1. Looking only at the range 51-73, which residues are small (Gly, Ala, Ser) and either at pLDDT below 95 or within 22 Å of residue 89 (Cβ to Cβ) (or both)?
2. Could you run through the range 57-66 and say how many residues are more than 16 Å from residue 16 (Cβ to Cβ) and surrounded by fewer than 23 Cβ atoms within 10 Å (Cβ to Cβ)?
3. Taking the conditions exactly as written (assigned to a strand (DSSP E or B), of a type in the set (A, V, I, L, M, F, W, C) and touching a helix residue (DSSP H, G or I) at 6+ places or on another chain (Cβ under 8 Å)), does residue 85 satisfy them or not?
4. Please go through the range 47-61 and pick out each residue that is more than 13 Å from residue 31 (Cα to Cα) and either among the aliphatic types (A, V, I, L, M) or part of a helix (DSSP H, G or I) (or both).
5. Would you tally the residues in the range 67-85 being over 22 Å from residue 23 (Cβ atoms) and surrounded by 12 or more Cβ atoms within 10 Å (Cβ to Cβ)?
6. Among the residues of the range 25-43, how many are in contact with a Leu (Cβ under 7 Å, 6 or more places away or on another chain) and outside any loop (DSSP other than H, G, I, E, B)?
7. Residue 67: outside any helix (DSSP H, G or I) and either among the β-branched types (Val, Ile, Thr) or within 11 Å of the chain's Cα centre (by Cα) (or both), yes or no?
8. Tally the residues that are under 16 Å from residue 82 (Cβ atoms) and either among the polar types (S, T, N, Q) or within 12 Å of the chain's Cα centre (by Cα) (or both), restricting the search to the range 15-40.
Amino acid sequence: MENNSQDTALIRRRLLISGRVQGVWFRDSCSAQARENGVFGWVRNTPNGAVEAVFEGAPEDVERLIEWSKSGPTHAVVESVEVEIEEHEGLSEFWIK
């Protein structure tokens, strides 16, 4: 057996979330959602007013976070979410950059 099936099941996605997403507790809310769903990675504001996030975990948990990101916290106005597939790196925590 070459790989542990649990390891091969984990995925990584990088998101770029645009709209009114800074100054609305997006990063803190995203971090809380990630921890609730067992997803690792990070989230940060970008200089152009967007939010960038990386999610790693089981496909269903990562998908749940991607869906959440399409609306975000209460005061966010999400206009678009770009999702890129990346190679899983094995992160073991979630942090706000």
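1. Narrowing the range 51-73 to residues small (Gly, Ala, Ser): 53, 57-58, 69, 71-72.
Selection gives 53, 57, 58, 69.
2. We begin by selecting, within the range 57-66, every residue more than 16 Å from residue 16 (Cβ to Cβ); these are 57-61, 63-64.
Cutting the leftovers down to surrounded by fewer than 23 Cβ atoms within 10 Å (Cβ to Cβ) gives us 58-61, 63-64.
Of the residues in that region, 6 qualify.
3. Numbers: assigned to a strand (DSSP E or B): yes; of a type in the set (A, V, I, L, M, F, W, C): yes; touching a helix residue (DSSP H, G or I) at 6+ places or on another chain (Cβ under 8 Å): no.
Here the answer is no, as residue 85 does not meet what is asked.
4. First pass over the range 47-61, keeping only residues more than 13 Å from residue 31 (Cα to Cα): 47-50, 57-61.
Within the range 47-61, 50, 58, 59, 60, 61 qualify.
5. In the first step, residues of the range 67-85 are kept if they are over 22 Å from residue 23 (Cβ atoms); the result is 67, 83-85.
Filter once more, keeping what is surrounded by 12 or more Cβ atoms within 10 Å (Cβ to Cβ): 83.
Of the residues in the range 67-85, 1 are over 22 Å from residue 23 (Cβ atoms) and surrounded by 12 or more Cβ atoms within 10 Å (Cβ to Cβ).
6. 4
7. Values: outside any helix (DSSP H, G or I): no; either among the β-branched types (Val, Ile, Thr) or within 11 Å of the chain's Cα centre (by Cα) (or both): yes.
No, not satisfied.
8. Start the filter on the range 15-40 by keeping residues that are under 16 Å from residue 82 (Cβ atoms), which leaves 15-19, 21, 26, 30.
From what is left, the residues that are either among the polar types (S, T, N, Q) or within 12 Å of the chain's Cα centre (by Cα) (or both) are 15-18, 26, 30.
Adding up the residues that qualify gives 6.
The values are calculated or read from the model by the stated rules, or taken from the named source; none is laboratory data. Bear in mind the structure is a predicted one, so any value in this text is a computation, not a measurement. Note: ideal-geometry Cβ built from the backbone for every residue, glycine included; neighbour counts use all protein chains shown.
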